[in-house]
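Structure, as structure tokens:
The values are calculated or read from the model by the stated rules, or taken from the named source; none is laboratory data. Please read all numbers here as calculations on a predicted model, not as lab measurements. Don't worry about glycine lacking a Cβ; one is built from the backbone with ideal geometry, like all the others, and counts go over all protein chains shown. We work out accessible area using only protein heavy atoms, side chains counted, and drop any ligands, DNA or RNA first. Shrake-Rupley method; radii C 1.70, N 1.55, O 1.52, S 1.80 Å.
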Amino acid sequence: MYVKGTQLDTTSFQVRLTFSQVGAMLAVLGSLLLAGCATTGGEPNRAPVYQSGGAPVAPAPEPQQNTPAPAASPAVVALLQDSQRQNDAGQPARAAALLERALRIEPRNATLWQRLADVRLRQGRAAQAESLALKSNSLAGTDTPLQARNWQIIAQARRDQGDVAGARRAQQRAAKLGSGSR
Amino acid sequence: MARRPARKPSSKGSSAKRKKPKRHPLRRRVLLYGLPLLLIVVAGYVVFLDYTIRSQFEGRRWELPARVYARPLELYPGMALRTGDLNHELKMLRYRPVRTATEPGSYSRTGELYHIVTRAFTFWDGKEPSHDIRVRIGAGAVSTLEDARSGKHLSLLRFDPALIASIYPSHNEDRILVKLSDVPPILIKGLIAVEDRQFYSHHGINPRAIARALWANLRAGHTVQGGSTLTQQLIKNYFLSNKRTLWRKANEAAMALLLELHYDKQQILQAYLNEVYLGQDGRRSIHGVGLASQFYFQRPVQELGLSRSALLISLVRGPSYYDPRRHPKRALARRNLVLDVMAGQGVISAAQAQAAKRRPLGVTADAPSGISPYPAFLDLVRRQLRRDYREQDLTSEGLQIFTTLDPTVQRDAERGLVQQLRQLERDHRMKRDKLQSAMIFTRIESGEVVAVVGGRDPRFAGFNRALDGVRQVGSLIKPAMYLTALSQPQRYTLATLLEDEPFQVRNADGSVWAPHNYDKTFRGKVPLYQALAKSLNVPTARLGMTLGIPNVIDTLHKLGITREISPYPSMLLGAVSLSPLEVAQMYQTLAGGGFRTPLRSIRAVLNADGKPLGRYPLTVKKVASGSSVYLLDTALEKVTEEGTGKDVHAFLPADITVAGKTGTTDDLRDSWFAGFTDNLLGVVWVGTDDNQSSQLTGSTGALRIWGRVMQLLRPTSLQLTPPGDIVNAWIDPASGRATEQGCKGAVQLPFIKGSVPAAGAPCTSKGLNWIQRLFR
């Protein structure tokens, strides 16, 4: 729209517009609405971006049979479903935002923390995924399947961070909890 | 038209320089060559005008202030909500109480049953449509939430968020951009009927209107009528000059023709609606119908009815002359004239005009001020924003900033603080207004800051004590020491006996530090949890020296204190200066089970189009053993059960569990309380600005404010989740050894597996209890 839209400097944009008249004409309507917002196509995303090794992060093995949130309210269930849909649609940022909404309603719901860990893992934010899974564990009480799944996430997150030994330890804990629960 | 301050430095001044060269009608040859030359100059001038007006139109970038929003209210069945809270929210959102709610932004109420039509709003994570809902509140919670039309139960919905501030550019231009489709058709039709009837048929100028105006003006001997089309008015608005010269008029007319050549009527109309000058608020000029609607009626332009639309149309002719707040009679007469014209033109029926004319102006008494009612919270937001955005972007790019402020908590925090400060001054016979205070409230797991009060006048945007009041924290520091100890379960448990005997340390400079307890007595030996609950200085200082000052400082840093701390022994008893915000960060980690969550005041930032620029996601980091923190938090519960924080139960019911800690500094200069319930953490400081004695301890001062605010907020009881390796055991506090339930003085305490002390305490059954035991 603004061909030289990168300028936030209002005094300079008029001069630069000379070069862009033709194209801009078509876009007047839009530009009016956009006026004042000087964001550019490449507006840097200010949220920290965690890069993983490059390859899209595989979700931790065997996407869990959704552990039902203990006595989750209808509001939280609805948000969880929405979040899942966004995640499936390749919108992890939206999925995370919905999980955060759910967490505001039930801040100590271990399942929600785990889902958030899952999303972060998919986004390649391994360190945060590990922390969130640990947080989920701290609220999991006696729910061993949930804990086992958290240790799987932790194992994957550690692998992504290059911590092979740590990943193995986490995997062992996951296995132990998994077998104990059956 | 009334004028506004000049705004845009630009190349427009050059038009004067480009005046045609003077003609010298002396010789024919000159004319022969001069005429083509003149044509070229004129053509060039037209091209120049064309360029100028098109750049102006297309490149128009309004400097839009950033809009700052509170958290949106989320409504769901079962949520704790009182009618008072919902009313407050609806008032903040300027929802209108009506008999039958049909329009977005209106509601009706019968007792505890509300019928609300919410406004649609675009959030960072998607659009929330308008909902037509029935809400029933029962026993302090949402008992029913359903779609009013279908009767279907709803699981969740979001209100639009309350606007809490705008961050203006230096020249205070303000605007709310609207799309043509946002503007009620009646407003557009009325505007055209009154200002430019031939708008859809003329080509930028309307010769007949000009002739009519000229004739009218000639007859009157002065200007009584304008013949400007909306297009001309728009151009006049672009190139603000007040001069009514013929040259200017000619320029305007030429530009109007050019503008119409390039753009269609809808585009021009939309630009006009956003550009038109409609009022002045001190230094802030009110442009466009979007902002004017908020400024005069405190509602979005979509919600304007006929009579209010007519009033806005009246203002086009002279916002100061017809200012409905200063000259209501004049404004009313003009509005009614506009309604008559609209009826005369067939835009509305005569009956509609009559009905609308009977209505009052509908203007709110006070213009919404550009000044935020929450200066202390906004201060925190601005600091966070300044780390990520340039000041210029904040004031001109129309950013939408979604914050974490909870208006209900903020209201109760302010009320509690103001009430209790007065009460404290009365109770302690102090001079009025001697005390100052600050507080900050956060949500525990998310780290969201929900309320900030920077001083006893919450509206005053001065020194923000919640962020900049850096004061000694006294005993608030102690949990760092006890956590350091409890992180070594093989050495320390809650039952470990600490020595409470005279004790002194020689500082590096040769001076001697000899701490004493607040009550100046020594108790010999006390169990660790009691030393913290009763805030005993001597055992704590001894413990700190044994643990090592650097280790304690290390714990403080892990908990989230980033400030450098000098490793003097006196720091162990709180000779460390922190702001309430920093204290909140430290206690956040304790309340969060050893997971540090950076305190946040912003959830997301969007650009003017609703595209997310920045997200401030929830992040956690494990910095301490969850089990050790669980032990510490249990000791902090003891503070309010039997220790220095007992008085919180003067405000809260006995069955509400609270964890907290008092802090008092030398000569009673500072009074602190930091405490948390299930989901809310609050830190309160009380003292004086000149660092004189406040005559208050943590218990007699800050705790009373904290307690009052929590009482207003009705928190739910703290329920710590014991990690898997926690076991409970009965302990004899005198010996620190394990004993049995029912033995005299026995208390039940949590331990990390493997650290339960050995048995061996003599058991004297207490009182009549042995009879009970006989029958067990």
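Using only side-chain charges placed at the Cβ, +1 for Lys and Arg and -1 for Asp and Glu, the dipole size of the protein assembly as shown relative to its Cα centre rounds to 4060 debye.
Here the accessible area is traced with a 1.4 Å probe on the protein chains. For chain B, carbon and sulfur cover 53 percent of it. Helical runs assigned H by DSSP (4 residues or longer) give the protein assembly as shown a calculated mean residue ellipticity at 222 nm of -12500 deg cm²/dmol, each run adding -39500 (n - 2.57) before division by the residue total. Which of rounded, prolate, oblate describes the range A:74-181, given a ≥ b ≥ c as roots of the alpha-carbon gyration tensor eigenvalues and a/c under 1.5 marking rounded, otherwise prolate only if a/b is larger than b/c? Oblate, since a/c reaches 1.5 and b/c is not below a/b. Interface area, chains B and A: about 5500 Å² of buried accessible surface, summed, with a 1.4 Å probe and ligands, DNA and RNA left out. Between the range B:506-565 and the range B:329-384, what is the C-alpha centre distance in whole Å? Cα centroid of the range B:506-565 versus Cα centroid of the range B:329-384: 63 Å apart.
In a simple Cβ point-charge model (Lys, Arg +1; Asp, Glu -1; nothing else charged), chain B has a dipole of about 4480 debye relative to its Cα centre. Proximity of backbone amide H atoms, modeled 1.01 Å from N, is registered between B:N607 and B:Q400, B:L613 at under 5 Å, excluding neighbours fewer than 5 places apart on the same chain. Note that the range B:332-348 has calculated 3J(HN,Hα) couplings of 5, 4, 5, 4, 5, 4, 4, 5, 5, 4, 4, 5, x, 8, x, 6, 10 Hz, one per residue in order, obtained from phi through the Karplus relation 6.51 cos²θ - 1.76 cosθ + 1.60 (θ = phi - 60°); glycine and proline are x.
Using the Cβ of B:P569 as centre and a radius below 11 Å, the other residues enclosed give a net charge of +2, where K and R count +1 and D and E count -1.
Note on B:L38 and B:T83: their simple-model spin labels are 8.2 nm apart, each label 7 Å out from Cα toward Cβ.
Cα centroid distance between the range B:233-309 and the range B:645-678, in Å? Taking the Cα centre of the range B:645-678 as reference, the centre of the range B:233-309 is 57 Å away. Dipole orientation for chain B: of the candidates B:T364, B:L498, B:G469, B:T364 has the Cα lying most toward the positive pole (charges on Cβ; Lys, Arg +1; Asp, Glu -1). When the Cα positions of B:Y272, B:F676, B:S150 are compared along the charge dipole of chain B, B:Y272 comes out farthest toward the positive end, with charges on each C-beta of Lys, Arg, Asp and Glu. To the nearest 10 degrees, how steep is helix B:83-92 against the longest Cα principal axis of chain B, on a 0 to 90 scale? That helix lies at roughly 40 degrees to the long axis.
Spin-label model, B:D554 to B:D690: label points 7 Å out along the Cα-to-beta-carbon direction sit 4.5 nm apart. For a test of the definition: using alpha carbon positions, the gyration tensor, and the 1.5 limit on a/c, classify the range B:72-160 as rounded, prolate or oblate. Rounded shape, in that the Cα axes give a/c under 1.5.
At full extension, B:E391 and B:L261 could sit 43.0 nm farther apart than now, given 0.36 nm per residue minus the alpha carbon distance.
Annotation: per residue accessible area for chain B equals 43 Å², rounded to a whole number [probe 1.4 Å, protein chains only]. Near A:W113: Cβ cut-off under 14 Å, other residues only, Lys/Arg at +1 and Asp/Glu at -1. The net charge is +3. On C-alpha positions alone, give me the angle between the axis of helix B:288-297 and the longest principal axis of chain B, in degrees, nearest 10. That helix lies at roughly 60 degrees to the long axis.
With 24 Å as the limit, write out which pairs from B:K525/B:K638; B:K621/B:K646; B:K189/B:K357; B:K265/B:K357 have Cα-Cα distances beyond it, or answer none.
B:K621/B:K646; B:K265/B:K357
By the rule of a C-alpha distance below 12 Å, with chain neighbours fewer than 8 residues away ignored, the aspartates and glutamates paired with B:K622 are A:E130. Electrostatic bookkeeping for B:L680 treats Lys and Arg as +1 and Asp and Glu as -1; over the other residues with beta carbon under 10 Å from its beta carbon, the sum is -1. Once the Cβ-Cβ distance of B:A734 and B:D666 is raised to the sixth power relative to R0 = 30 Å, the FRET efficiency obtained is 0.40.
Expressed as a whole number of Å, what is the distance separating the alpha-carbon centroids of the range B:42-116 and the range B:683-707? Going from one Cα centre to the other spans 40 Å.
Counting 0.36 nm for each residue step from B:Q719 to B:A216 and taking away their Cα separation leaves a gain of 173.0 nm. Pairs over the 22 Å Cα-Cα cut-off, from the set A:K176/B:K753; B:K558/B:K661; B:K434/B:K534; A:K135/B:K753: B:K434/B:K534. What is the spin-label model distance, in nm, from B:F460 to B:R426 if the labels are put 7 Å beyond Cα along the C-beta direction? Calculated label separation equals 2.1 nm.
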